[in-house]
Each structure stands twice: as C-alpha cells, then as structure tokens.
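What follows draws every value from the coordinates through simple rules; no lab data is involved. Just so you know, these numbers come straight off a predicted model, no measurement behind them. Please note: Cβ atoms are built from the backbone with ideal geometry, for glycine as well, and neighbour counts cover all protein chains shown.
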Amino acid sequence: MNLPSFWKGKIQEIDEAVSSVKRGNVKIIARSPGDKPVYLISYGKKENFKSQANYNSACGAGNPAFYAHKTASAKPVIFFVGPVHGQEMEGMVGLVNLINILETGCDLRGKEWQEIFENASKCRLLIIPCGNPDGRSRCPLDSFVGIGAKNMAHYGQGSTKDGVDYGWPGTKSRHPMVDDVGFLGAYFNDDGINIMHDDFFNPMARETKALLDTARKEAPNFIPVLHSHGSSPAVLQAAYVPFYIKEKIVKFSRQLAECYRRSGLPNNPLSDPSNDGSKYPPSAFNLTSALHHVCGGMSFTFECSHGLAEEIYAQVNHEQILDIQLLLYNELLKFALANPTCWEF
Ligand SMILES: [Zn+2]
C-alpha cells in the first residue's frame with residue numbers, strides 16, 4: 001500500500017520520531033514481553049504539587065489537594081495515552097505528528113499548528129506514542145483506509161488455532177489470550193494481555209503498571225486514551241468515574257464534535273451522562289476508568305475512524321484522519337486551559 005509521507009506509525013518510525021526529540025525529554029517507562037520499549041516523551045517542566053498522600057487517601061481525607069496541591073495558576077498536565085491496541089495506529093500517527101509540531105511548529109505535511117504550539121507551552125504534555133509495541137509489531141498493515149472491516153478485526157482481535165476469527169465478544173471472553181491462538185491479535189502484548197482490560201489492582205502487564213505509575217506520579221488533569229473504530233470519531237464516556245467528571249467529558253465531546261463539524265469531518269457528540277449500574281450486564285472497569293482512580297484526572301476514551309472500506313463506516317482518508325487527531329489535541333489543549341483544576345486547602 002502506498003501511504004502518504006506524513007503517515008508515520010510503524011514501530012521503526014516511532015523510534016525515529018523519539019530519537020529526533022530535542023525540546024522534550026524521553027524516558028523508557030517499560031519494556032514489553034517482546035522486549036520493546038514503551039516511551040514517555042514529556043514537554044514542559046514538572047511542577048511540584050507537594051503530594052503527601054495517594055489520590056484515594058486524599059479523597060478519604062476530603063481533599064484531593066493532599067495528593068496534588070493545584071492552584072488556578074498551575075499548568076495543566078495532559079497525558080496522551082497512545083494506542084494500547086496495536087492495529088489502531090491512527091493515534092500513533094497522530095502523536096508522531098504532535099511530537100513534530102512540538103519540535104518544529106509544523107506537522108509532517110509541513111502544516112503549521114501555531115495554536116497547539118503556543119498552548120502546549122502553557123501546559124505539561126506527556127506522550128506515550130504507542131502503549132503496546134508488541135501488538136503494533138504483529139500487525140502487518142500500516143493503515144486501514146479502504147480495507148474491509150473483516151481484515152481489521154482479524155489483525156486486531158486474532159483467530160483460533162482452527163483459523164476462526166475471534167471477533168467480539170470472543171476476543172474478550174478469553175484473557176490472557178493463550179492456548180487456543182492461531183494469530184495473536186494486535187490487541188494483545190506478547191503475553192496475551194489486553195492492556196485495556198488488565199487486572200488494575202494487580203496488573204499482569206508491565207506496560208499497564210507503567211501507565212498507572214505515570215498517572216500517579218504526574219497528577220494529569222486530562223488523559224485521552226487513544227483508540228480507533230469504524231464509525232465517526234467519538235469521545236466515549238468513562239465508566240465508574242464521578243458524575244462531575246462524566247459531565248465534563250460530555251462538555252468536551254460537544255466542543256470537539258462542533259470543531260469537527262466546522263471542519264467538514266464526521267462527528268458524534270455524547271448524550272447526557274447516566275449513572276453506572278442502572279442496567280445489566282455492567283460496564284467494564286477498564287484502563288480509562290483505572291487511570292482516573294489513581295490521579296483524579298478526566299480520563300476518556302477517544303475512538304478515531306479507521307477509514308474502512310464499507311460504506312456503513314465513516315469514510316475518511318489519511319489527511320482527514322490526521323486532522324481528526326490534531327484537532328482533538330488542539331481542542332483538548334484549549335479546553336484544559338479554559339477549565340483549570342483547583343485543588344486548594
Ligand atoms: Zn481499541
């Protein structure tokens with residue numbers, strides 16, 4: 001497949017982007033079971049929030065300020081969790097382009113993003129370009145634009161020894177994904193762990209533990225967890241987070257949908273939040289939920305469009321997918337600056 005030159009989301013291309021970082025700091029926060037690095041790139045100085053308790057205990061004491069003392073002038077911290085599902089490379093391409101913007105002011109098309117560049121300087125940005133390098137390495141395709149949904153599901157969710165695609169719910173009904181595995185889907189690391197559905201009180205994957213540790217140490221205000229699907233780009237509601245966080249997620253999803261509408265992109269704003277547990281079976285307490293509970297930040301899942309072939313799915317090309325990603329980051333930076341977190345005594 002002939003891909004545009006700005007479309008950089010292979011493991012080797014992510015390594016190259018990381019090694020080009022000059023203005024930011026690069027850290028390896030975990031090595032995957034397949035011995036690949038999980039990178040964390042940070043921009044902006046880490047402020048001292050004078051933490052004296054973990055988030056949960058601070059809530060027990062009646063004030064999150066015991067975990068992180070944040071005044072109205074504290075720089076927002078935004079933690080971009082790059083795809084943990086290896087075939088969902090759209091977020092990896094987006095974050096590689098974001099790194100280029102933070103380094104040079106322009107994306108890899110040469111397009112200037114002054115607003116991102118300027119607003120980023122008023123924040124601390126933490127970027128994991130790829131949360132599951134094992135899964136990404138296993139996916140032989142570098143884009144799903146014009147590819148059928150069946151192919152995407154095969155590479156993402158994997159197949160049994162008999163060659164039957166797991167699909168949904170099969171791919172989530174066995175975890176770790178071991179024993180009956182023909183092709184191990186890109187959802188999983190090399191140990192068969194789907195980081196989105198790890199055991200968060202006792203993580204099976206080092207990658208999961210490193211993501212939670214980063215959130216715990218950094219006290220991010222916002223945590224977009226990047227995924228992709230066939231439909232229109234969408235912010236998903238987080239399960240089992242406080243109602244005021246759910247309301248804030250809805251507010252942001254509407255701002256973002258309006259931005260996509262103005263840009264001629266498909267969009268899908270959230271409806272009003274509802275209480276968890278009003279219907280059976282219950283929602284999963286997933287990575288997005290867990291990230292909130294270690295730091296109190298607004299964590300949300302973002303689903304980008306793949307650009308799949310079938311017309312029932314959102315029809316977007318590579319340019320539009322990159323715009324979907326970069327506009328998300330731009331709107332989130334604006335939203336973060338307009339909605340500061342105040343945790344005061
Ligand atoms: Zn996903």
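Summary of values
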read-out	value
Gaussian network model of the chain, springs between alpha carbon atoms under 10 Å - residue of Asn48, Asn330, Asn56 with greatest fluctuation	Asn48
With at most 14 neighbouring Cβ atoms within 10 Å, loop GluC sites (Glu not before Pro) (DSSP) excluded, longest segment of the chain	1-309
Reachable aspartates and glutamates from Lys251, criterion Cα separation under 20 angstrom, eight or more residues apart if same chain	Asp272, Asp276, Glu303, Glu331
Residue order, fewest to most beta carbons within 10 Å, for Thr214, Thr71	Thr71, Thr214
The range 204-211 - phi-based ³J(HN,Hα) in whole Hz, Karplus 6.51/-1.76/1.60, Gly and Pro as x	7, 9, 4, 4, 4, 4, 5, 5
Members of Lys22/Lys217; Lys8/Lys161; Lys22/Lys172; Lys8/Lys150; Lys172/Lys246; Lys45/Lys334 lying beyond 30 Å, as alpha-carbon distances in this model show	Lys8/Lys161; Lys22/Lys172
Footprinting exposure proxy for Leu95, Leu270, Leu333 (fewest neighbouring C-beta atoms within 10 Å first)	Leu270, Leu333, Leu95
Sorted by Cβ density within 10 Å, fewest first, the residues Cys342, Cys304, Cys59, Cys130	Cys342, Cys59, Cys304, Cys130
Taking the C-alpha atoms of the range 168-300, convex hull volume expressed per residue in Å³	132
Helical contribution to [θ] at 222 nm, DSSP H n ≥ 4, -39,500 (n - 2.57), averaged over the chain, rounded to 500	-10500 deg cm²/dmol
Percentage of interatomic Cα-Cα distances in the range 1-110 larger than 21 Å	50
Cα-Cα P(r), the chain, percent of pairs per 20 Å interval	32, 61, 7, 0
Candidates His85, His318, His227, ranked by Gaussian network fluctuation over the chain, Cα under 10 Å, top entry	His318
